[in-house]
Each structure stands twice: as C-alpha cells, then as structure tokens.
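Worksheet: one structure, shown below.
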Amino acid sequence: MATMQGVVLPGNSTVEFKEFPVPEPGHGQVLVKMKASSICGSDIRAIYREHLGKGPEAYQGVIAGHEPCGQIVTVGPGCKQFAAGDRVVLYHISGCGVCEDCKHGYMISCKGAQRAAYGWQRDGGHAAFLLAEENTCVALPDNLSYVDGAFCACGFGTSWEALTRMQVGGADRLLVTGLGPVGLAAAMLGKALGVHTVIGTDISEGRLALAKTLGVVDHVLDAGDDPLTKIKDLTGGVGCEVSIDCSAAPSARLLALKGTRQWGRCAFVGEGNKVEFDVSGDLIHPQITLYGSWVTSLKHLQDLLERLSLWGLHPESTSRADVFLPLEKAAEAYDLADKGQTGKVCIVFDD
Ligand SMILES: [Zn+2]
Ligand SMILES: [Zn+2]
C-alpha cells in the first residue's frame, strides 16, 4: 500500500511526522493532491502550543492543516460535480448534512455527531494527499493560485463573512484591530468592497511594518500609542462606521467598540479570550450593532472566490513569499506562524 508522510501536532510546540496510508475515496469522496495548506491562528492557539480545544476544537491527533487547497486526482463512486484534474479549495468542515446549519452551508456550526473539521477531527492538508467529501469542495477559479485558495479556506473566509454580514461598502470607513493574517484579509477585502478608508492597529512591530509595506491599510496605528485619539482625529472626531476585531485581545476588542461611530457596526472574529466593557457607555448608548461571526458558509466561500477572481485580487500577496515552505520544513513553518510576524505561513507542495 502506498504511504505518505503527514504532520501531526503533539501539543508541546513541536511537530511530528508520521506515516499514513494514501487514502482511497469512498462514496461521495474525492482524493485531493495537496498543493497548498496554510496555517491558521487557531492551529497555534488550540493545537500547536497545547491541546486546548473542546467540542469542535478538540484535536484528535489527525494530520494537521485546516486550510487545504489542491487538485483532485481520484473521485469515488457517486460524485456529482467534480472530476480528476479539478482545482479545489476545501471548506474545512464536513457536517452531518441534515441539520439546520448544514442546510444553510454553515457546517462550521453543525451540532451533529458526524461533524469533523479537516486537521482537527479528520485528516487535514499537511500531507501529500487529503481524503475529502465532495460536498466540501469549492472550485478554485483559474486565475487564483493554490496559495490564494488555501488562504480563503478559513482566514479570508472569516473576514469576508463578517464584512458582508455588516454590509460594508463605499459609505464606510473600516477599523481593523489586529493586523495578523485575518486582519490583513479584512483590510484587503474591505477595500475591494469599496471602503473609503481603512485604519488598522496592532501592538507588534513586525505586523505594523508588514501592513505598511502591503499598502492595504491606509493608516497603520501602533495600538500602544493612544490609538483611540488617533482614530477620532482621522475620522473628524466620530470614529469608523464599521470595525472588526481580528486579534482576540481584550484591549483591542474594546478599541474596536470605542472606535466605532454612533450607529455603527462592530464584529468580533478573533477567537478565544474575554472582554469587559461598559455596556451602556460603549454599546447601548452609542447604538452600536455588535456581530459575532464564526468562519463562513460553503456558499459564501464560493462567493468570495468568485469575487477575488473578478477583482484579480490575490490573498497570497498579504504574506511574504519566503514563508511558503515545503512539508519537510513544517517545524519551521509552525514556529514562524507562532511568532506571527510574517503574514500567513503556508505549506506548499511541488508539481
Ligand atoms: Zn482557522
Ligand atoms: Zn449538521
């Protein structure tokens, strides 16, 4: 039987390689040759450093990588849409298919016992091949790269979902707190949706420098240096019509709320941690609509890929090309992702 090397994460900030059989697709399944498989902040927070997850975030010792993108090499019986040779992005959770959330394409929120995320409860993208359910595959447009596709599987999808749910557009200025990969995605997509001005904040020097270099954030602010006053100064004293926290830091969540204009909208997508705020002063009296938004739906991932293709926008440009590393360098890749200074880190595969 053919075998392959897969990366597993023991939970002590190391990676391990294990030998796995190359899987054979069953009914309704496809075998995807991996081309790009990026690393998400959740992989670092809930798996790599230590196994913190419970329920949908409980890691089961499988091949890691929940942002997979590749090319189908074999289809199992009963497949209806895809064929060998098709380029696909994986919506990274397979759901029960029959619950309310699954019917809406939000398999992320599936409560069924069958729910399994690639890289968490079933094998993910950090190996040469991935066994996938056909109904979790979304076509990757020809003018997008495999790395572009991987970046959309979780990170860009998460930003897209929150921005479109808040109906962000040309009448808005956008505040992004946290300029990691998800924050940079929010900035890039906000601009593409017509946002007039993007203001971004972070405490990390590397992230601030990268955001400045990329040019997707109009005003890059050091969160340690009185950012609220600067946000007010940049917006005629009123704040941004829309804000999104991509950091999960309590102070940044609060800054997102306080930096939102009266009657504005604010979304929290950064995972974990807590926040305490003055409900009357910071939320009720300023008439702010606060959104919690978790990943995206299958259809909205497809919408995102279509729009990126139309706009000729490349998510991979929000990262540094020197952090796209081969599978053998997975340990280095996770270490870089943990340090969080480079934009999204991605495992890439030859041919
Ligand atoms: Zn993720
Ligand atoms: Zn379900």
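For the chain, the carbon plus sulfur part of the accessible surface works out to 51%, probe radius 1.4 Å. Please find, in a Gaussian network model of the chain (springs between Cα atoms separated by less than 10 Å), the residue of Ala150, Ala321, Ala252 whose mean-square fluctuation is greatest. With Cα springs under 10 Å in the chain, the top fluctuation among Ala150, Ala321, Ala252 is at Ala321. The largest accessible area among Phe151, Phe349, Phe17 belongs to the first residue in Phe17, Phe349, Phe151, and the rest follow in falling order (1.4 Å probe, all chains). Rounded to the nearest 20, the size of the Cβ-charge dipole of segment 61-124 about its Cα centre is 120 debye, with Lys and Arg at +1 and Asp and Glu at -1.
Loop-only check: which trypsin sites (Lys or Arg not before Pro) in segment 256-351 are DSSP coil with at most 12 other Cβ within 10 angstrom? Sparse-neighbourhood loop trypsin sites (Lys or Arg not before Pro): Lys274.
Label separation (Met1 vs Lys18): 1.4 nm, computed from points 7 Å beyond Cα along the C-beta direction. Counting only residues at least eight positions apart within a chain, or on another chain, the aspartates and glutamates with an alpha carbon under 17 Å from that of Lys258 are Asp172, Asp202, Asp222, Asp225, Asp226, Asp233, Glu241, Asp245, Glu276, Asp278, Asp282.
Let me make sure I get this right: for segment 1-108, a, b and c are the square roots of the gyration tensor eigenvalues over alpha carbons, sorted descending. Under 1.5 in a/c it's rounded, otherwise prolate if a/b > b/c, else oblate. Which is it? In terms of gyration-tensor shape, oblate. Comparing Ala58, Ala333, Ala211 in a Gaussian network model of the chain (Cα springs below 10 Å), the most mobile by mean-square fluctuation is Ala58. Here Lys33 is the anchor, and the lysines within straight C-alpha reach of less than 25 Å, apart from those fewer than 8 places off in the same chain, are Lys18, Lys80, Lys299, Lys329, Lys344.
Computed over the chain, the range of Cα coordinates on each principal axis works out to 66, 38, 38 Å, biggest value leading. Roughly how many whole Å is it from the C-alpha centroid of segment 150-206 to that of segment 2-47? Answer, in whole Å: 28. Picking from His92, Gln71, Ala36, whose Cα lies most toward the positive end of the charge dipole for segment 21-176 (charges on Cβ: Lys, Arg +1; Asp, Glu -1)? Final value for the positive-end residue is His92.
With unit charges on the beta carbons (Lys and Arg positive, Asp and Glu negative) and the dipole taken about the Cα centre of the chain, which residue among Gln60, Gly11, Thr296 sits farthest to the positive side? It is Thr296.
Taken about its Cα centre, the chain carries a charge dipole of roughly 600 debye when the Cβ of each Lys and Arg holds +1 and the Cβ of each Asp and Glu holds -1.
Taking trypsin sites (Lys or Arg not before Pro) across segment 31-104, the ones in a DSSP loop with at most 11 further Cβ atoms lying within 10 angstrom of their Cβ are Lys54, Lys80. Considering only Gly264, Gly215, Gly78, the Gaussian network model of the chain with Cα springs below 10 Å gives its largest mean-square fluctuation to Gly78.
Excluding ligands, DNA and RNA, the accessible surface per residue across the chain is 41 Å² with a 1.4 Å probe.
The values are calculated or read from the model by the stated rules, or taken from the named source; none is laboratory data. Predicted, not measured: the structure shown is a model, and the values here were computed from it. Cβ: placed from backbone, ideal geometry, glycine included. Neighbour counts: every protein chain shown. We work out accessible area using only protein heavy atoms, side chains counted, and drop any ligands, DNA or RNA first. Shrake-Rupley method; radii C 1.70, N 1.55, O 1.52, S 1.80 Å.
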